[in-house]
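Here is the structure we will look at, set down as structure tokens.
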Amino acid sequence: MSGPMVRSVRRWVRRSIRLAFTPSLFSHGSVQLLRPRAGSIPARIRGLMPVRGVFDVHGAIGVSYRMEFDGIDGSPEWIFWEGLSRYEVATQRLLRRLLPRTQCFLDVGANAGAYTFAAALQPHRPQVHAFEPEPYSLERLKRNVQINDLRNVAIYGVALADKSGTSLLFLPSYGHSTSTLVERVGGAVEVAVTTLDEWATNQELPRIDIIKTDTEGTEDRVLRGGRTLIERDRPFIICEVWPDHQVEEALTSLLDQLGYLAYQLTATGLEFRDRIVGDPAWLELNYLLVPSDRRLDMPTSESP
């Protein structure tokens, strides 16, 4: 049996076991009792226990909020068990310093909303605009924003790229966290696509302070489609970069044209890079892109 077939069989078995564990077996109360012992439960075992209900979660940069889990999609359940304190630590460290002075935050590829909630729950309640085209993740994000009564969050069920229209969104084989416009084998769904510039013309926006983009390999298209907006507002941009030669070159070229500098977010702080290169180890994928005329606005310290 080939490797991909073995993985497919394993995923099918995992789904079957999870579906067999009815709410009466793993109820809201029972998983809540197990939660403090999460560190002693192997991740593979936790992955077989469906989490159902609305729970308090510990989010990015120390915020807390309520999050609904349906027991069907297991991909975000690690947030229930572990919280987000160890998720993209370097990015969280950066946002702790940037968000207190942010009035408008764009979350492109919001998925479960880790950074949507981190921004929206700042004491001064900045405007947050979240983009998520994958239908399941979109509805989950809407529900969780409603559960937390976040009236400063607007959600858009469209993909962002460098031209408008429709496109196939390719889905992961498990869960809902890595959908992409990059063509690949597997399921797909047609979604609406627009550009940041086209979207912005229909909004009454203050200055955009931060754009975070994590679109699984199409970040260069997102930024090309927002060139007018970026040139107008000169926002900081937090950008995931896959180790993909074409995307890396496209981003480096675009930043040169826009007059931006690139700093990789690493465990030891911001590291200047004269060209963008994705981490081949897939550990430090995020970059802070800074307008060359705003270097003095960068965080002065990267300490936690």
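The values are calculated or read from the model by the stated rules, or taken from the named source; none is laboratory data. Every value quoted in this text rests on a predicted model; they were computed, and no experiment measured them. Here Cβ is always computed from backbone atoms with ideal geometry, including for glycine, and neighbour counts include all displayed protein chains.
Miscellaneous remarks
- Check on Arg207, basic (Lys, Arg) and either assigned by TED's automatic domain parsing to the domain that holds Phe117 or touching a residue at least 60 places away in the same chain (Cβ under 8 Å) (or both): yes
- Taking segment 179-297 and the helices (runs of 4 or more DSSP H) fully enclosed by it, the elements with 1 or more residues that are modelled with pLDDT under 95 and buried (at least 17 other Cβ atoms within 10 Å of the Cβ) are at 245-258.
- Any hit, segment 291-299, residues being more than 27 Å from Arg96 (Cβ to Cβ) and either of a type outside the set (Val, Ile, Thr) or out of contact with any His (no Cβ under 9 Å at 6 or more places or on another chain) (or both): no
- Segment 78-105 residues that are over 30 Å from Leu48 (Cβ atoms) and assigned to a strand (DSSP E or B), paired with ones that are modelled with pLDDT of 95 or more and not polar (S, T, N, Q) (beta carbon under 7 Å, 6 or more apart): Cys104/Pro126; Cys104/Ile208; Cys104/Asp209; Phe105/Ala119; Phe105/Pro126; Phe105/Val128; Phe105/Asp209; Phe105/Ile210
- Members of segment 67-77 found to be on the phi < 0 side of the Ramachandran plot and in a loop (DSSP other than H, G, I, E, B), listed by number: Ile72, Asp73, Gly74, Ser75, Pro76
- Any hit, segment 94-115, residues being hydroxyl-bearing (Ser, Thr, Tyr), crowded, with 23+ Cβ neighbours inside 10 Å, assigned by TED's automatic domain parsing to the domain that holds Tyr156 and on the phi < 0 side of the Ramachandran plot: yes
- Restricting attention to segment 219-236, the residues that are over 12 Å from Val108 (Cβ atoms) and among the β-branched types (Val, Ile, Thr) total 2.
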